[in-house]
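Nothing in this text is a laboratory measurement; each read-out follows from the coordinates by a stated rule. For clarity, every value in this text was computed on a predicted model and none was experimentally measured. All Cβ positions, even for glycine, are placed from backbone atoms using ideal geometry, and neighbour counts span all protein chains on display.
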Amino acid sequence: MSERINFTVNGVKKSVEIDGWEKLLDVLREYLNLTGAKRGCDDGTCGACTVIVNGEAVKSCLFPAKKLEGTDIVTIEGLSKEGTNHIQRALIDSGAVQCGFCTPGIVTELSVLFTKNPEATEEQIKETLSKHLCRCTGYESILEGAKVAQKKLEDAKTSQK
Amino acid sequence: MGDFKYIGKYYERPDAVKKAIGKAIFIDDIRLPEMLFAEILTPPLAHARIVSVDTSEAEKSKGVVKVVTGAQCNITFGDCVRDRYPMAKDKVRYIGDPVAAVIADSVYNAREAVKKIKVEYEKLPIYIDALDAIKEDAVLIHEKNGEYWHVPSYQPIPKTNIAMRYALIKGDVEKGFKEADELVEGEFVYPFGSSSAIETHGTIAWFHEDKTIEIWSSSICPTIIQEDIARTYGRPVSDVRVHIPEIGGCFGYKSDVTIEQTVAYIASFVPGKPVKWIASREQDFTSTLIGHGVRIRMKLGAKRNGKLVAIKSTVYHSVGAYADTGVNVTQAAIHTVGPYEIPNAHLEGFSVYTNTPPVGAYRGYGYQYPHFAIERLLNMLARKLGMDELELRSINYLSAGKETVLGEKIWKTNGDVKKCADNVKEALFTGPKPKEDDKYYYGRGFAAVIKGPKGTPNSGKGCYMKLNIDGSVTVIMGGAEVGQGLRTVVRQVTAEALKIPPEKVRAYMELDTDFSPWEWQTIGSMFTTQGGRAIMLAADRLIKQMKKNASYALKCDEDMLDYDGEFVYLRSDPSVRVAVTDIARGYMTENGITVGEVVQATSAGRLPRYSSPDPETGRGNLGVNYTFGAQGCEIKIEKETGKVIIDNFISSFDIGRVINPVQLRGQIVGGVMMGIGATLHEQLKFDENGKILNPHFSVYRFPTIKDAPTKQTVIYVETPDGVGPFGARGIGEHPVLGVAPAILNAIYDAIGVDFFYVPVTPDKIKKALEEKKAKEVAQ
């Protein structure tokens, strides 16, 4: 019962044959060899598999591959085309990267948050980060990194004007 | 002590960028040619005889290459007790025991096929708690208990479910209790939990046509795996190659041998093909290692003036279906009575087989349980004696010349627990606490901590160091980076020792037993201390070799030379010098003839005089390497919900020497958070069939950012250590130790209720408050 789906990943058009059982995470990791999104829980709790689907942060371990037709996907690889961006740099500098397994998901999540809501309050940032589990940091450095990233993005925007 | 150039400053982790952009390679990111995928069948009952296994339907399933059962499996394995099987042969002992496996061309096909295997079981009695398994009429979980090979110092009790009994005896405990004016006692329970790294366990095994075996694993113990697999398959150790890629968190349960033997057994049926198995989150809970499962009964006696005179404790440790990884944790749980000198002690521990997943290392390695008990008992004792609880502790603290329960004399270089306690006191107990209001009760709690390593007498860490042609240095060691940041420690310690900037030090990025120097295991918060010592020794040798080569160039004796990171020069006339870049491969004379040796060095570091325990008293020397600390917290309890909110959690550790302040704070803040999880949230629950009821992150809720303390305060004391590099000590596990007692002491302070079990969830607090109210009304 295979089916062909067409969608865009990191700006490149993809056409993939699927059996029907796959989730977006399976397609990315197993069919497209994009291993930046991580598999941590399989029930949408840890957030390590977060990618961007049509501008929204989505837990790819829950997103059925069947619904991919015509979508525009951005993964951590797509966000890192020029090395580290402001969010990644801020997280690194704040000590928020320890084992690093949750990091790609958090970078992706924050990227969507600050695109949609550049002036997110600390409460809103916390609310967003509460969709991600991290066992290493105790979250202090992640929150700090997110706030530094927000400021960096704001400064970058101001200097562009 | 501001005379360090690179120690005590922030440097970026060498793995940070790769991790942040998603390019770090973890076990599940590895793809090998012709790779096959395994799925493992586990039983619906935690203790049962296998009557029959029918694989015929599974063999016909799509994409299946091979179906494997344990029927012909005669392998036993283990590092401390060889009581484990890669696949069950005639019975299953826990819910994650491998019964059969399918090897297929995809994970999906393997999973679909596994469902088609039919197994008939005959149910046996199931024991979840050591207290049930230890009963005289209990059915044996291991009929062969006592017959398995084990480390000589362990004492199994045959024909019982007791895999090990261990006692630590100091002085005369009964005499001590007679001298005591006050006694306190309690039974404390730290139930099963999971280390729950975000990356699950995974292994790839490949039996090559040339009879060599290659393994990739998410483990922190490549050497142990290499030796165990070699023994199992009758190969020289050198023919087994173990690779360790990036590890997505460990916190204990990726140590020892866990799933590697099972995946290797499965792969041995398809020689020539690599076979991968990555645990699903559910399998990570059910089929790897879990933590804790400890019940500890403790009694403490003190004189009226607060002097502690006697302690007795019994530890009942539900170590699960296999004791190999749990026995050491039981031992560690009776190796300490907190940072106190107590002249009379009788501490006894039982590792008891239960029908639960094997218990293994969990951050804190046994030490959190006695800390939980004694720090709660001291809080209760202070009330009985009418003393301030910090004062009570203060007169009993270990310090230079005093003796631990193990019999080690504490050195001045072990640090200062009193200073740590004073820091917490000043930060927490100076002003009055807020008064109860409409919404909240308020409380403050304290705990003091100590931890040494749990190793083995010959445990140590190797180092290979080479000077490159441009003056940069490559350091290769066997320590597993799990996120704790040891690569940064390697860079900074090497940089300081060799007087070159950290940017010129390359730290190894993966482990490979073909190339990595020997390391026992990266456990016990020992890398900075032992590994750092190895680096210092190697750096010394490297400089010695540079001086030797320079002596040919400068035509003088080596002892007349000094080294500054860039040049080796004549001490009496620094203008007479040679650049290190000119002597990296020996010294080349004008006509090309080269003398001297390549500048490279090897070394290894271990702790001094680490011994096996005395068979009579259980006492011995664990290397006298300790980190002391004190922790405290301010909490409020929401009246309506019973929820505990931590306003400020304070930790002060005598770290010896701060190497990287950002990483150090990260270890402490993260460790405290893990302790909060165990104290207020986490518990693995089992039904009567031994099935885990909450093997998913959606139901095994470890803390999210919303559960984080409003503030964490971290204060360092720096009493230089005698072994660690530049005086630095280990810190990885220590931050979890005092969290449960500090919070439970604060809960008492807030509502006047003593809790003895964790986790203290809001419903338990609400219930306690209602009971208290009812009691008050009745009076």
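Pairs of lysine residues in the range B:646-779 that meet both criteria, 8 or more places apart or on different chains and Cα atoms under 27 Å apart, total 15.
Taking all C-alpha pairs of the range B:544-585, those more than 14 Å from each other amount to 29 percent. Sorting the segments B:389-396, B:233-240, B:560-567, B:493-500 by their mean number of nearby beta carbons within 10 angstrom, highest to lowest, gives B:493-500, B:389-396, B:560-567, B:233-240. At an R0 of 22 angstrom, the distance between the Cβ atoms of A:ASP72 and A:ALA156 translates into a FRET efficiency of 0.40.
Annotation: extensible slack from B:LYS433 through B:GLU34 equals 137.1 nm (criterion: 0.36 nm per residue apart, minus Cα-Cα distance).
Rounded to the nearest 0.05, what FRET efficiency is calculated for B:LYS773 and B:LEU140 with R0 set to 51 Å and r the Cβ-Cβ distance? Rounded to the nearest 0.05, the efficiency is 0.60. The local environment of B:GLU185, defined by Cβ-Cβ distances under 13 Å, has a net charge of +2 under the rule Lys, Arg +1 and Asp, Glu -1. A Förster radius of 45 Å, combined with the Cβ-Cβ distance separating B:GLU688 from B:ARG304, puts the computed FRET efficiency at roughly 0.40. Label sites at B:VAL753 and B:ASN74, each approximated as a point 7 angstrom past Cα along Cα to Cβ, lie 5.8 nm apart.
By definition, a body whose alpha carbon gyration tensor gives a ≥ b ≥ c is rounded when a/c is under 1.5, and the protein assembly as shown falls into this rounded group. Across peptide B:22-34, the mean count of Cβ atoms from other chains lying within 10 Å of each residue's own Cβ comes to 4. Compactness of the range A:3-79 was expressed as the Cα radius of gyration divided by 2.2 N^0.38 Å, which yields 0.96.
Peptide B:664-674 has a mean shielding of 5, counted as Cβ atoms of other protein chains within 10 Å of each residue's Cβ. Reported value for the range B:10-158: 206 Å³ per residue, from the convex hull of its C-alpha atoms.
Of all DSSP bridge pairs formed entirely within the protein assembly as shown, close to 80 percent run antiparallel. Counting Cα-Cα pairs of chain B in 10 Å increments starting at 0 gives whole-percent bin shares of 3, 13, 22, 24, 19, 11, 5, 1, 0, 0, 0. Using 0.36 nm per residue and subtracting the Cα-Cα separation, the extra length available between B:ASP559 and B:THR474 on full extension is 28.0 nm.
Mean sequence separation of contacting Cα pairs (under 8 Å, at least six apart), scaled by the length of chain B, corresponds to a relative contact order of 15 percent. Label positions at B:TRP149 and B:SER56, each projected 7 Å from the Cα along the C-beta direction, are separated by 4.0 nm. Label positions at B:GLU566 and B:ALA400, each projected 7 Å from the Cα along the C-beta direction, are separated by 4.1 nm. Helices meeting the span-like rule in chain B (full DSSP H runs, Cα extent of at least 30 Å along the helix axis, mean Kyte-Doolittle score of -0.5 or higher): B:532-554.
Here the ratio of the Cα radius of gyration of the range B:656-773 to 2.2 N^0.38 Å is 1.33. Across the range A:86-160, the mean sequence separation of Cα contacts (distance under 8 Å, 6 or more residues apart), normalised by length, yields a relative contact order of 52 percent.
For the range A:86-160, the Cα-based Rg and Dmax, in that order, read 11.4, 37 Å.
Excluding same-chain neighbours fewer than eight residues apart, the lysines reachable from B:LYS548 by a Cα-Cα span under 22 Å are B:LYS466, B:LYS499. One way to sum up the overall shape of the range B:158-218 is the equivalent ellipsoid from its Cα gyration tensor, whose semi-axes run 49, 20, 12 Å, largest first. Which lysines have a Cα less than 19 Å from the Cα of B:LYS454, not counting those fewer than 8 places away in the same chain? Once the sequence-local lysines are set aside, what remains near B:LYS454 is B:LYS254, B:LYS409.
Taking θ as phi - 60° and the Karplus parameters 6.51, -1.76 and 1.60, the scalar couplings of the range B:505-513 work out to 10, 9, 9, 3, 10, 8, 10, 8, 4 Hz in sequence order, x denoting glycine and proline. Note on the range B:661-701: Kirkwood radius taken over Cα pairs, Stokes-Einstein applied at 4 °C and 1.567 mPa s, translational D equal to 108 µm² s⁻¹.
Quarter the surface of the alpha carbon convex hull of the range B:460-605 and you get the mean projected area, 8.9 square nanometres.
Each helix, a run of at least 4 DSSP H residues, gives -39500 (n - 2.57); summed and divided by the residues of chain B, these come to -7000 deg cm²/dmol at 222 nm.
Setting aside same-chain residues fewer than 8 positions from B:LYS433, which aspartates and glutamates have a Cα under 15 Å from its Cα? Partners found: B:GLU634, B:ASP647, B:ASP749.
Take every pair of alpha-carbon atoms less than 8 Å apart whose residues are at least six positions apart; their mean separation over the length of the range A:3-79 yields a relative contact order of 40 percent.
Is there a simple number for the mean count of other chain Cβ atoms within 10 Å of the Cβ of residues in B:190-200, and what is it? Across B:190-200, the average partner-chain Cβ count within 10 Å equals 4.
For the range B:393-435, the orientation-averaged shadow of the C-alpha convex hull comes to 4.0 nm² (one quarter of the hull surface).
Remark on chain A: hydrodynamic radius 16.1 angstrom, per the Kirkwood mean of 1/r across alpha carbon pairs.
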